[in-house]
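Below is one structure, written out as C-alpha coordinates; comments come after it.
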Amino acid sequence: MRYSYEFKKDPFGITRIILPEKISVFSDVLEDISTKEEVDEYIGYVKKVLEGEYEDFEIMLNATSVNIKKNVTIAEHHYRIDEPFESTIETEEFLDLMLIWKERIAEILED
(Lines give C-alpha, C1' and ligand atoms only; values in the text may rest on other atoms or scores of the structure.)
Protein backbone atom coordinates (compact mmCIF):
# COMPACT_ATOMS: atom_id res chain seq x y z
CA MET A 1 0.00 0.00 0.00
CA ARG A 2 1.52 3.25 -1.16
CA TYR A 3 -0.51 5.51 1.14
CA SER A 4 -0.37 5.63 4.91
CA TYR A 5 -3.50 4.84 6.89
CA GLU A 6 -4.67 4.17 10.42
CA PHE A 7 -7.90 3.20 12.09
CA LYS A 8 -9.53 5.31 14.80
CA LYS A 9 -12.87 5.26 16.54
CA ASP A 10 -14.86 8.48 16.35
CA PRO A 11 -16.79 9.88 19.37
CA PHE A 12 -19.76 7.69 18.40
CA GLY A 13 -17.67 4.49 18.47
CA ILE A 14 -17.59 4.10 14.68
CA THR A 15 -14.32 2.86 13.21
CA ARG A 16 -12.87 5.30 10.69
CA ILE A 17 -9.96 4.85 8.33
CA ILE A 18 -7.71 7.90 8.36
CA LEU A 19 -5.97 8.60 5.04
CA PRO A 20 -3.72 11.44 3.88
CA GLU A 21 -5.64 14.66 3.12
CA LYS A 22 -4.92 14.30 -0.59
CA ILE A 23 -7.05 11.12 -0.75
CA SER A 24 -9.30 11.73 2.27
CA VAL A 25 -12.55 11.39 0.31
CA PHE A 26 -11.74 7.67 0.02
CA SER A 27 -12.12 7.45 3.82
CA ASP A 28 -15.74 8.52 3.40
CA VAL A 29 -16.24 6.05 0.56
CA LEU A 30 -14.96 3.12 2.61
CA GLU A 31 -16.99 4.12 5.64
CA ASP A 32 -20.13 3.92 3.48
CA ILE A 33 -19.35 0.21 2.97
CA SER A 34 -20.45 -1.67 6.05
CA THR A 35 -20.63 -5.38 5.22
CA LYS A 36 -18.22 -8.00 3.95
CA GLU A 37 -20.67 -8.90 1.18
CA GLU A 38 -20.85 -5.32 -0.01
CA VAL A 39 -17.07 -4.88 -0.05
CA ASP A 40 -16.69 -8.20 -1.90
CA GLU A 41 -19.15 -7.00 -4.54
CA TYR A 42 -17.22 -3.75 -5.07
CA ILE A 43 -13.86 -5.53 -5.14
CA GLY A 44 -15.29 -7.65 -7.96
CA TYR A 45 -16.16 -4.53 -9.95
CA VAL A 46 -12.68 -3.07 -9.45
CA LYS A 47 -11.09 -6.31 -10.63
CA LYS A 48 -13.32 -6.42 -13.72
CA VAL A 49 -12.19 -2.90 -14.65
CA LEU A 50 -8.52 -3.78 -14.06
CA GLU A 51 -8.86 -6.94 -16.15
CA GLY A 52 -10.53 -5.02 -19.00
CA GLU A 53 -13.93 -6.72 -18.73
CA TYR A 54 -15.47 -3.31 -17.97
CA GLU A 55 -14.11 -0.07 -19.42
CA ASP A 56 -15.15 1.76 -16.25
CA PHE A 57 -17.62 1.37 -13.42
CA GLU A 58 -19.37 3.82 -11.09
CA ILE A 59 -20.46 2.99 -7.57
CA MET A 60 -22.98 5.32 -5.92
CA LEU A 61 -23.13 5.15 -2.13
CA ASN A 62 -24.98 7.23 0.51
CA ALA A 63 -22.93 10.43 0.37
CA THR A 64 -20.16 9.41 -1.99
CA SER A 65 -19.49 7.89 -5.37
CA VAL A 66 -16.46 6.41 -7.10
CA ASN A 67 -15.71 6.30 -10.79
CA ILE A 68 -13.36 3.38 -11.44
CA LYS A 69 -11.22 3.40 -14.59
CA LYS A 70 -8.32 1.12 -15.48
CA ASN A 71 -5.58 3.50 -14.29
CA VAL A 72 -7.30 5.87 -11.86
CA THR A 73 -10.27 5.94 -9.53
CA ILE A 74 -11.98 9.19 -8.60
CA ALA A 75 -13.98 9.51 -5.39
CA GLU A 76 -16.46 12.32 -4.93
CA HIS A 77 -18.26 13.40 -1.76
CA HIS A 78 -21.63 14.97 -2.56
CA TYR A 79 -22.33 16.64 0.80
CA ARG A 80 -18.99 17.75 2.24
CA ILE A 81 -18.85 21.34 3.42
CA ASP A 82 -15.05 21.68 3.32
CA GLU A 83 -12.62 20.71 0.58
CA PRO A 84 -11.53 18.35 -0.76
CA PHE A 85 -14.74 17.26 -2.44
CA GLU A 86 -12.91 14.90 -4.78
CA SER A 87 -9.85 12.62 -4.52
CA THR A 88 -8.01 10.56 -7.12
CA ILE A 89 -5.79 7.50 -6.68
CA GLU A 90 -4.46 4.70 -8.86
CA THR A 91 -7.03 1.94 -9.28
CA GLU A 92 -4.59 -0.71 -7.99
CA GLU A 93 -4.25 1.37 -4.80
CA PHE A 94 -8.03 1.62 -4.52
CA LEU A 95 -8.20 -2.17 -4.74
CA ASP A 96 -5.60 -2.40 -1.95
CA LEU A 97 -7.67 -0.01 0.18
CA MET A 98 -10.78 -2.11 -0.40
CA LEU A 99 -8.92 -5.26 0.68
CA ILE A 100 -7.64 -3.52 3.82
CA TRP A 101 -11.16 -2.33 4.62
CA LYS A 102 -12.52 -5.83 4.06
CA GLU A 103 -10.12 -7.19 6.70
CA ARG A 104 -11.10 -4.42 9.11
CA ILE A 105 -14.82 -5.09 8.61
CA ALA A 106 -14.22 -8.75 9.45
CA GLU A 107 -12.42 -7.73 12.66
CA ILE A 108 -15.20 -5.33 13.64
CA LEU A 109 -17.85 -8.00 13.12
CA GLU A 110 -15.88 -10.48 15.24
CA ASP A 111 -15.77 -8.07 18.22
**OP:** Name every residue in the range 8-36 that is aromatic (Phe, Trp, Tyr) and at pLDDT 95 or above, in order of residue number.
**Re:** Phe26
Subject >> Tally of residues being closer than 14 Å to Ser27 by Cα and either out of contact with any helix residue (DSSP H, G or I) (no Cβ under 8 Å at 6 or more places or on another chain) or among the polar types (S, T, N, Q) (or both) across the range 80-111 >> reply: 7
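Hey, among Asp32, Asp10, which residue is acidic (Asp, Glu) and more than 14 Å from the chain's Cα centre (by Cα)?
Just one listed residue meets the conditions, Asp10.
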**OP:** Report, by residue number, each residue of the range 1-51 that is under 20 Å from Thr88 (Cα atoms) and among the small types (Gly, Ala, Ser).
**Re:** Ser4, Ser24, Ser27, Gly44
Original post:
Got a sec? Which of Glu107, Glu92 is within 20 Å of Tyr45 (Cα to Cα), outside any strand (DSSP E or B) and more than 10 Å from the chain's Cα centre (by Cα)?
Top reply: Glu92
Original post:
List the pairs whose first member sits in the range 23-34 and is within 13 Å of Met60 (Cβ to Cβ), whose second member is of a type outside the set (Asp, Glu) and in a helix (DSSP H, G or I), and whose Cβ atoms are under 6 Å apart, counting only residues at least 6 apart or on separate chains?
Top reply: Ile33/Val39
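The values are calculated or read from the model by the stated rules, or taken from the named source; none is laboratory data. Owing to the predicted nature of the structure, the values given are computational and were not obtained by experimental measurement. Note that each Cβ is placed from the backbone with ideal geometry, even for glycine, and that neighbours are counted across all protein chains shown.
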